[in-house]
Every structure is written in structure tokens, then in C-alpha cells.
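Asker: Attaching a single structure in C-alpha cells format; questions to follow.
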Amino acid sequence: MWLEKLHLTYFKSHEEGSFTFGERVNCLVGENGSGKTNLLDAIYFLALTKSAFQNQDALAIRHDMDFLVLDGYFWEQARPLQITCSLQRGQRKVLMADKKPYERLSDHIGRLPVVLIAPDDTDLVREGSEERRRFFDGVLAQLNPRYLDDFLQYNKFLTQRNGLLKLFAERHALDEVLLETYDEPLIELAVRIHEQRQAFMERFLPIFRKHYAFLSTAKERVEVVYESEVGAADFPALFRKNRSRDLHAQRTGKGIHKDDYVFEIDGVALKKFGSQGQQKSFVIALKLAQYELLAEEKETKPILLLDDIFDKLDDKRIQQLIRLIDDGSWGQVFITDARPERSERILEHVKAEVRFFQIGF
């Protein structure tokens with residue numbers, strides 16, 4: 001699977017642009033602020049129906065305009081596929097495959113697998129549990145449509161239950177029968193999601209450890225520990241027992257939205273004791289494991305987006321990544337760099353076809 005052509009209209013910093021890409025390596029070069037990362041985000045948007053960098057869709061529209069349009073021409077199992085995304089301010093975005101609109105955007109997730117490696121990925125280490133959940137949920141959503149459906153349903157019930165808790169607090173009244181109509185499906189979905197997360201981690205961890213060893217060429221032992229109260233046999237009772245605290249806090253205090261993934265190196269917290277190099281190797285290994293699992297599950301190589309990696313990695317890790325291009329581990333790759341001469345030097349011996357695109361000139 002690969003992207004042949006991309007047309008943008010009023011997407012972020014781009015007024016309008018058309019690009020024809022190569023099937024293997026595409027290097028986007030230009031000064032900082034020229035729109036290189038925004039091009040990667042446009043590809044990400046077409047694959048996953050949202051920006052990789054902003055939570056609000058409206059922020060993807062060029063600041064002085066009222067709409068955006070993205071048009072991508074992909075090859076999917078040797079067949080052409082046109083994906084079009086349009087968004088008008090104040091309206092819902094529309095996504096079409098070969099000019100036929102999706103009824104549900106979630107039906108598109110996973111059809112065009114994509115992996116992004118970006119400079120702020122180390123936020124997975126430094127920030128709180130929400131960042132780590134978002135990453136693993138994103139991986140699972142591309143891998144498993146059932147997981148995505150359960151996850152969306154869970155968040156829907158969670159939002160409704162939290163709204164009900166606030167209403168009860170405002171009215172100083174509690175309707176336990178009504179609250180139970182939300183508790184029961186939330187518990188059922190939480191247990192099901194936990195089981196899927198647990199099964200995924202058992203599959204993910206050996207692949208992640210393999211990629212960390214490849215990147216670091218070191219002996220340290222790395223671990224991702226999935227922590228969740230939902231796995232307890234008495235979780236349904238614990239959830240209901242917490243009801244009075246939920247009412248006081250006006251939000252749901254137990255469930256899979258409180259899970260965490262703890263990153264460890266040699267048995268200690270990566271955040272506290274890992275070096276900068278170890279942290280970078282750790283998060284890149286997470287992304288490479290994501291790539292391998294997607295390639296295996298979808299039986300096609302995902303599109304790989306590498307944003308500004310030459311600035312953020314040392315020569316040893318860059319060479320390890322370049323090896324993965326040369327040995328055919330990756331399919332289509334997009335790389336951004338602010339220094340064209342550096343990219344040319346690093347990629348000059350790559351066996352695959354490399355195309356350079358000057359952005360903002």
C-alpha cells in the first residue's frame with residue numbers, strides 16, 4: 001500500500017499544492033516553518049481521519065479560510081483508491097472512498113495503516129498516563145475494528161455517566177436505577193477492553209524488545225507494564241462501591257480510562273533513570289513494533305512518516321534505521337529534514353529509489 005498523489009487545499013499552512021510521490025523513499029526538505037510536517041500530517045489525516053498534532057479538526061483549516069480539502073490517490077493491493085476528506089468550519093468532516101462517503105468515520109480506521117515517528121514522541125515517557133493510553137489505543141484501533149467499536153462505545157457511556165453525576169450533584173438527588181443503566185454497560189465494556197489490551201501486550205512486548213535491542217545494541221532489559229484495576233475479579237463490585245466518591249467528584253473514578261502503561265529499563269522507571277538516548281531508543285522501538293504488527297495483521301506494509309529524525313537522533317541510531325530501508329523491512333517512507341545536504345549524504349547509498357521534494361521554495 002502506498003500513496004502516489006496528494007492534493008491539498010487550505011490545509012494548515014498550505015494554500016494549495018499537488019505532489020506525486022515515489023513508491024519507496026520520499027524526502028521533504030525545506031526551512032523550518034515551510035510546511036514539511038504539515039504534509040506528513042495531511043497523509044496521517046487521510047489515513048486516520050484526524051491530525052496527529054491537534055485534537056480539534058478546525059485547527060487544520062488554514063487560518064484565513066473556511067474549509068479544507070485533502071485528496072489522496074493510493075494503491076491498495078495493486079488497486080487504485082481515492083480518499084477525499086473535506087471540512088467546513090462549523091460542520092462535520094466528510095470522508096469519501098472513491099467518491100462514496102463513509103457512514104461512520106471509524107469504518108476507515110485501519111484501512112490505510114500508517115506509523116508516525118516524530119520529535120515529541122518522548123512525551124510518551126515524560127507526560128502522564130493519558131499520552132501512553134492514547135498511543136496504545138491508536139495502535140489497537142488500527143489493528144482491530146472490534147476494539148475501536150468497544151472503545152468508542154465505552155467513551156460514549158463514560159461521557160453520559162459523568163454528565164449524569166454532575167446533574168445529580170446540581171440537583172442534590174440520586175436516581176440509582178438510572179445510574180445503573182450506565183454502570184452495567186460500562187463495566188461490561190471495560191472488562192472486554194481490558195482483555196483485549198492484555199492480549200495485545202502479550203503479543204506486542206517480544207516484538208518491542210527485539211526492536212529496542214536492534215536500535216540500542218545494548219544489554220539493558222526493557223519492559224512495558226500494563227497496569228489496570230479492571231483485571232481484578234471483583235472489579236464490578238469495586239466499581240459500584242466507588243459510587244459515592246464518583247458522586248462527590250462528579251466523574252467516574254474507576255475503569256479502563258484510568259489504566260497506565262509503565263515504561264521500565266532494568267527494573268526501574270525509564271522516566272527517572274533512563275538516559276536521553278535510552279528514552280529515544282525506547283519510543284522508536286515502540287513505533288517500530290507498531291509498524292511490524294500492522295504489517296503482519298494487514299498483510300501490507302504501512303506508510304512510515306519520519307518527521308525531523310536526523311536532528312533528533314545520533315548517527316548510530318540513524319544508521320540502524322537506514323538499514324531497515326535497505327533490507328526491505330519498510331515500504332513507502334516519508335522523511336522531513338531542514339538540511340538538504342545532510343539528507344542527501346545520509347540517503348546517498350540507499351538502494352531503494354529516493355525522491356527529494358523542496359517545500360516552501
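The values are calculated or read from the model by the stated rules, or taken from the named source; none is laboratory data. Every value quoted in this text rests on a predicted model; they were computed, and no experiment measured them. Note that we place each Cβ from the backbone using ideal geometry, even for glycine, and neighbour counts take in every protein chain shown. Each accessible area value is taken on the protein alone, full model and side chains, heavy atoms only, with ligands, DNA and RNA left out. Shrake-Rupley method; radii C 1.70, N 1.55, O 1.52, S 1.80 Å.
Let's see how each residue does on (1) assigned by the TED database to the domain that holds Pro206; (2) over 30 Å from Leu167 (Cα atoms):
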position: Ala249; (1), (2): yes, no
position: Gly255; (1), (2): yes, no
position: Asp260; (1), (2): yes, no
position: Lys272; (1), (2): yes, yes
position: Glu292; (1), (2): yes, yes
position: Leu306; (1), (2): no, yes
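Asker: How many residues does region 189-248 contain that are of a type in the set (A, V, I, L, M), under 24 Å from the mean Cα position of the chain (by Cα) and modelled with pLDDT of 95 or more?
Answerer: The qualifying residues number 12.
Asker: Another question about this same structure. Can you name every residue in region 198-208 that is open to solvent by less than 10 Å² (accessible area, probe 1.4 Å) and either among the charged types (D, E, K, R) or under 22 Å from Tyr154 (Cβ atoms) (or both)?
Answerer: Within region 198-208, Met201, Phe204 meet the criteria.
Asker: For Leu313, are the conditions met, namely being free of Cβ contacts under 8 Å to residues at least 40 places away in the same chain and crowded, with 17+ Cβ neighbours inside 10 Å?
Answerer: yes
Asker: Moving on to the next point. Going residue by residue through region 170-180, is there one that turns out to be touching an Asp or Glu at 6+ places or on another chain (Cβ under 7 Å) and touching a residue at least 60 places away in the same chain (Cβ under 8 Å)?
Answerer: no
Asker: Let me ask something additional. Would you tally the residues in region 307-316 being at negative phi and outside any helix (DSSP H, G or I)? Spell out the reasoning first.
Answerer: Narrowing region 307-316 to residues at negative phi: 307, 309-316.
This time we only want the ones that are outside any helix (DSSP H, G or I), so: 307, 313-314.
Qualifying residue count, region 307-316: 3.
Asker: List the strands (runs of 3 or more DSSP E) inside region 12-131, counting only whole elements, that have at least 1 residues being within 23 Å of Glu292 (Cβ to Cβ) and touching a residue at least 24 places away in the same chain (Cβ under 8 Å).
Answerer: 25-29, 67-76, 114-117
Asker: Which one is least open to solvent (accessible area, probe 1.4 Å) among residues in region 142-197 that are within 30 Å of Tyr291 (Cβ to Cβ) and of a type in the set (Val, Ile, Thr)?
Answerer: Top of the filtered list is Ile193.
Asker: Then there's this: I want to confirm something. Restricting to region 233-251 and keeping residues that are part of a loop (DSSP other than H, G, I, E, B) and open to solvent by 40 Å² or more (accessible area, probe 1.4 Å), which single residue is nearest to Leu158 (Cα to Cα)?
Answerer: If we filter region 233-251 for residues that are part of a loop (DSSP other than H, G, I, E, B), which is where we start, we get 233-234, 242, 250-251.
Still in the list and also open to solvent by 40 Å² or more (accessible area, probe 1.4 Å): 233-234, 250-251.
On the way: Ala233: 21, Asp234: 20, Gln250: 12, Arg251: 9 Å.
Top of the filtered list is Arg251.
So that you can scan it fast, the table gives a plain yes or no per residue for (1) at pLDDT 95 or above; (2) open to solvent by less than 60 Å² (accessible area, probe 1.4 Å); (3) of a type in the set (Val, Ile, Thr):
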site	(1), (2), (3)
Trp75	yes, no, no
Cys85	yes, yes, no
Tyr102	yes, yes, no
Pro119	no, yes, no
Asp123	no, yes, no
Arg126	no, no, no
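Asker: Within region 338-361, which residues are farther than 28 Å from Glu16 by Cα and open to solvent by 90 Å² or more (accessible area, probe 1.4 Å)?
Answerer: Within region 338-361, Arg345, Glu348, His349, Lys351 meet the criteria.
Asker: Scan region 2-22 for residues that are loosely packed, with under 15 Cβ neighbours inside 10 Å, modelled with pLDDT of 95 or more and in contact with a Phe, Trp or Tyr (Cβ under 8 Å, 6 or more places away or on another chain) and jot them down.
Answerer: Matches in region 2-22: Lys5 only.
Asker: Does region 209-224 contain any residue that is out of contact with any helix residue (DSSP H, G or I) (no Cβ under 8 Å at 6 or more places or on another chain), of a type in the set (A, V, I, L, M, F, W, C), within 19 Å of Leu148 (Cβ to Cβ) and open to solvent by 40 Å² or more (accessible area, probe 1.4 Å)?
Answerer: no
Asker: Farther than 26 Å from Leu143 by Cβ and either touching a strand residue (DSSP E or B) at 6+ places or on another chain (Cβ under 9 Å) or buried (at least 21 other Cβ atoms within 10 Å of the Cβ) (or both): is that true of Ala42 in this structure?
Answerer: Here the answer is no, as Ala42 does not meet what is asked.
Asker: Determine which member of the set Phe273, Phe263 is over 28 Å from Leu158 (Cβ atoms) and out of contact with any Cys (no Cβ under 9 Å at 6 or more places or on another chain).
Answerer: The unique qualifying residue is Phe273.
Asker: Does region 128-141 hold any residues that are closer than 13 Å to Val262 by Cα and either surrounded by fewer than 17 Cβ atoms within 10 Å (Cβ to Cβ) or charged (D, E, K, R) (or both), and which are they?
Answerer: If the condition is that a residue be closer than 13 Å to Val262 by Cα and either surrounded by fewer than 17 Cβ atoms within 10 Å (Cβ to Cβ) or charged (D, E, K, R) (or both), then Gly128, Ser129, Glu130, Glu131, Arg132, Arg133 are the ones that fit.
Asker: Quick check on region 317-337: of everything there that is open to solvent by 10 Å² or more (accessible area, probe 1.4 Å) and either assigned to a strand (DSSP E or B) or in contact (Cβ under 8 Å) with a residue 60 or more places away in the chain (or both), which residue is nearest to Ala47 (Cα to Cα)?
Answerer: Ranking the qualifying residues of region 317-337, first place goes to Gly331.
Asker: Would you please name the residue that is nearest to Ser329 (Cα to Cα), looking only at residues in region 258-306 that are open to solvent by less than 10 Å² (accessible area, probe 1.4 Å) and assigned to a loop (DSSP other than H, G, I, E, B)?
Answerer: Among them, the one singled out is Pro302.
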